[in-house]
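The values are calculated or read from the model by the stated rules, or taken from the named source; none is laboratory data. Keep in mind that this is a model prediction, so the values were computed, not measured. Virtual Cβ from ideal backbone geometry, glycine too; neighbours counted across all protein chains shown.
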Amino acid sequence: MPLSDIYLLVHKQTFGSEVLENAYTFVKLDEGTSVDLNNGFAEDILPAIQQIQCAQIVTQELNTYCLGNLGDSNIKDINTAGHLTGEQMLPVFNAVGYTFRPSSRVVRPGSKRIAGIPESDQVDGTITNSAYITDMNTLKAAFGAYVSDDDTNFFALCIVKRVKYNPDPEKPDHFAYRLPETDEELVYSQIGAVRTSTKITHQVSRGNSG
């Protein structure tokens, strides 16, 4: 699989002046571009995300680029709020958790945290509202399905293994992790299953796209 088939999509949201970001990696299954992926995410996944978010959480943009072709990039302005209006929201560090199980053992499972939970839909840290749980499962299904903006150019969520490297030769024991930069470095797996839980977890991706 060439690196030119792998895309990074950063979903940027805000809560007041605070930035919340979730980064997703997708594999291209047809002939689409970053524009197609942004449009497909906005049509197939974003509405399900916003359906479990209070209106205090506002999606600002989708920023996508191809790892193997930096010229294939797109920023899609959105500027729409979560769909749950008139609700008291839990603190922004509270979130609904999703676990992405890979279809191959070459990579570890991934996860996403979606903030914006209404306080009234939970009791002592557990989601209890049946309608909200239904919407959580709708998002779970959206994460597990292909996305497309025209029913021909499809993308699938995947997990890309980060590359361990030394960013500072003067500190040989210091390591960091980055996305692959060549075809030879690419190790990835499509998602085989998506899981969620009514137990409220914590948002750990505020202010970064890791």
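Key figures for this structure:
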item	result
Filter pass, residue 108 being in contact with a Pro (Cβ under 8 Å, 6 or more places away or on another chain), outside any helix (DSSP H, G or I) and of a type outside the set (Ser, Thr, Tyr)	yes
Hey, residue 146 of a type outside the set (Lys, Arg) and modelled with pLDDT under 95 or not	no
Matching residues, region 86-99, being of a type in the set (A, V, I, L, M, F, W, C), touching a helix residue (DSSP H, G or I) at 6+ places or on another chain (Cβ under 7 Å) and part of a strand (DSSP E or B)	89, 96
Any hit, region 157-176, residues being in a loop (DSSP other than H, G, I, E, B), among the hydrophobic types (A, V, I, L, M, F, W, C) and either in contact with a His (Cβ under 7 Å, 6 or more places away or on another chain) or over 23 Å from residue 1 (Cα atoms) (or both)	yes
Selection within region 1-56 - under 20 Å from residue 202 (Cβ atoms), of a type in the set (Gly, Ala, Ser) and under 15 Å from the mean Cα position of the chain (by Cα)	23
Among residues of region 1-28, those that are more than 15 Å from residue 114 (Cα to Cα), surrounded by fewer than 22 Cβ atoms within 10 Å (Cβ to Cβ) and not hydrophobic (A, V, I, L, M, F, W, C), counted	6
Residue check, residue 36 in a helix (DSSP H, G or I) and either modelled with pLDDT of 95 or more or surrounded by 19 or more Cβ atoms within 10 Å (Cβ to Cβ) (or both)	yes
Odd one out for residue 82 among (1) touching a strand residue (DSSP E or B) at 6+ places or on another chain (Cβ under 6 Å); (2) surrounded by 20 or more Cβ atoms within 10 Å (Cβ to Cβ); (3) touching a residue at least 40 places away in the same chain (Cβ under 8 Å)	(3)
Residue that is surrounded by the fewest Cβ atoms within 10 Å (Cβ to Cβ), among those in region 44-56 that are in contact with a Leu (Cβ under 7 Å, 6 or more places away or on another chain) and not in a loop (DSSP other than H, G, I, E, B)	48
Enumeration of residues in region 79-127 that are of a type in the set (D, E, K, R) and over 20 Å from the mean Cα position of the chain (by Cα)	87, 105, 119, 121, 124
